[in-house]
1. Give, rounded to the nearest 20 debye, the magnitude of the charge dipole that the chain has about its Cα centre when Lys and Arg contribute +1 at Cβ and Asp and Glu contribute -1 at Cβ.
2. Take Arg192, Arg359, Arg146 and sort them by solvent-accessible surface of the protein heavy atoms, 1.4 Å probe, largest at the top.
3. Could you tell me which trypsin sites (Lys or Arg not before Pro) in segment 12-93 are loop residues by DSSP with no more than 11 other beta carbons within 10 angstrom of their beta carbon?
4. How much net charge surrounds Leu304 when only other residues with a Cβ under 9 Å from its Cβ are counted (Lys, Arg +1; Asp, Glu -1)?
5. Can you tell me the order of 372-378, 176-182, 318-324 when each peptide is scored by its average per-residue count of other Cβ atoms within 10 angstrom, highest first?
6. Among DSSP bridges having both ends in the chain, what percentage is antiparallel? Round to the nearest 5.
7. Sum -39500 (n - 2.57) across every DSSP H segment of at least 4 residues in the chain, then divide by the residue count to get the 222 nm mean residue ellipticity, nearest 500.
8. R0 = 22 Å: FRET efficiency of Glu85 with Trp256, Cβ-based, nearest 0.05?
Amino acid sequence: MPYFASLIDWKLPSISRTKTKIATAVTIEDLAKLSRKKVPKVVFDYVEGSALDEVSYKKSIEAFTRVEFNANSLRDVSKIDTSVEIFGKKVDLPIFFAPTGYTRLMHHVGEPAVAAVAEKNNLVYSLSTMGTTSPSELAAEVPGVRRWFQLYVMKNRENSLSIINQAKDAGFEALILTIDTPVAGIRIRDMRNGLTIPPKIRFATVLAIARKPMWWINLFTTKKLEFAAFKGWNKPMVELAAAIFDPSTKFEDLIWLQSVWNGPIIVKGVQNVEDAKKLAGMGVNGIILSNHGGRQLDRGPIPLEILPEVVAAVGNKVDIYIDGAVMSGQDAYAAVALGAKAVFIGRAYLYGIMAGGERGVERVVEILKRDFVNTMALTGARNIAEVQQIGATLRSR
Ligand SMILES: Cc1cc2nc3c(=O)[nH]c(=O)nc-3n(C[C@H](O)[C@H](O)[C@H](O)COP(=O)(O)O)c2cc1C
C-alpha cells in the first residue's frame with residue numbers, strides 16, 4: 001500500500017446521520033448542541049432551564065472550575081478500578097442517573113431506555129414520581145436494572161402510599177425522598193413557553209412541527225404521553241405541581257415514611273449542614289446534596305461548596321451523594337475526591353436521550369467514564385478509595 005494510503009482515515013458515511021453525530025460527539029456539550037436541533041424549543045428549555053434568574057445553576061457550573069486536583073506520578077496506573085459498593089453491592093462507576101420527570105417528552109423511548117443503559121453499565125437508575133413510565137412498567141421492561149424510586153410526599157398521603165407500594169412490589173431497592181420542593185420552583189422559560197404535558201397543539205405549534213418533524217411524528221404515533229402516576233392530567237405544569245407537592249411536609253413525615261418503607265431511604269435536596277445532621281440523626285441511609293439543578297430555590301447554597309463541611313459533619317454516619325451541573329467525568333471526580341460517595345446526573349443524560357434516544361444516553365456514559373478514568377490515571381488514583389485519599393482542593397472565589 002502506498003504510504004499516503006495509510007494516512008487516509010475516511011469512514012463510510014453511516015446510514016443514519018444522527019448515529020454518526022452521536023458517535024463523534026466528544027463532550028456532553030456536543031450532545032447538548034445536537035439535542036437542541038432535535039426537539040422543540042419548549043422541550044429543550046424545560047431541560048436546560050432552571051428557576052428565576054438561573055443564578056444557582058451558573059454558580060454550580062462555576063464551582064466545579066475552582067476544584068484543583070492533586071497530581072501524583074510513577075504510581076503504576078495500568079489498572080484502574082472505578083467500582084464502588086452501595087448497600088453491599090458493587091456499582092461500576094460512581095455516576096448514577098438522577099430522577100427526572102416526563103422523560104418521554106424528551107424522546108419517546110423514555111425512562112426504560114435510560115434504565116437499559118444503567119443496567120448495561122451496572123449503574124443505579126432513579127425513577128421519578130413524575131415519570132412517564134410507572135414503577136411496574138419500568139420493572140417489566142428492564143427487570144435487571146438496579147432501581148431506586150424518587151418520591152414527592154403528596155398532599156393526599158394515600159396517593160403517596162399507593163405509589164410507594166407499587167415501587168416496593170416492582171423491586172425498587174431504595175426510596176429517594178425529595179425535600180427541596182415544598183412548592184414548585186418558578187421557571188421563567190416554561191412560563192413564557194406555556195409548557196403543558198402533553199404539549200398543546202397551538203397555532204405556533206404548526207411551525208414547530210415543520211421544524212422538528214421527527215419529534216412530533218414520534219409524539220403522535222407512540223403511546224400517549226402522560227404522567228404514569230397521574231393519568232388523564234393535561235393542565236399546565238404549575239397547576240399539577242400545586243396539586244401534588246405538599247408544603248406542610250415536615251421532618252416528622254420522614255418517621256411515617258420509615259414506618260411504611262422498610263428499605264434504604266435517601267433524602268434528596270439537602271442544602272445545609274444542620275439539615276444533614278438532623279437527617280443523619282433520624283437514621284436515613286443517605287443524603288443527596290442538591291439544589292435540584294438550580295430548578296427550585298434560586299440563589300441558594302451550591303452543593304459542591306457545602307460538600308466538604310457536610311462530609312466532615314456526617315460522613316461517617318450516612319452516604320453522601322451530590323448532584324447539579326455534573327457535565328464531565330472531571331466534575332464527577334471532583335465531587336468524589338471531595339468526599340461524595342457518588343454523583344447523580346440529570347441534564348447530562350437528558351441531552352443524550354434528546355440527541356439520540358438510548359444510543360445518546362450510552363454515549364453520555366462513555367464520555368463521562370472516559371474522563372473519569374483518565375483523571376484517575378493522571379492523579380495516580382487506582383481505585384475510588386485512593387481518589388478520596390488523594391482528595392482535591394476547592395479554591396474560594
Ligand atoms: C428535566 C428535569 C426534570 C427533573 N425532575 C425531577 C423530579 O421529578 N424529581 C426530582 O427529585 N428531581 C428532578 N430533577 C432534578 C434532578 O434529579 C437533579 O437534581 C438535577 O437534574 C441535577 O442537576 P443537573 O441536571 O445539572 O445534573 C429534574 C431535573 C431535570 C433537568
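The values are calculated or read from the model by the stated rules, or taken from the named source; none is laboratory data. This structure is a prediction, so every number in the text was calculated from the model and none was measured. Ideal geometry is used to build each Cβ from the backbone, glycine not excepted, and the neighbour counts take in all protein chains shown. Just so you know, the surface numbers come from the protein's heavy atoms only, side chains and all, with ligands and any DNA or RNA stripped out. Shrake-Rupley method; radii C 1.70, N 1.55, O 1.52, S 1.80 Å.
1. Computed charge dipole of the chain: roughly 1240 debye.
2. The ordering from most to least exposed comes out as Arg192, Arg359, Arg146.
3. Lys79
4. -1
5. Ranked by mean Cβ neighbours within 10 Å, highest first: 318-324, 176-182, 372-378.
6. Counting DSSP beta bridges with both partners in the chain, the antiparallel share is about 25 percent.
7. About -14000 deg cm²/dmol.
8. In this case the efficiency is close to 0.15.
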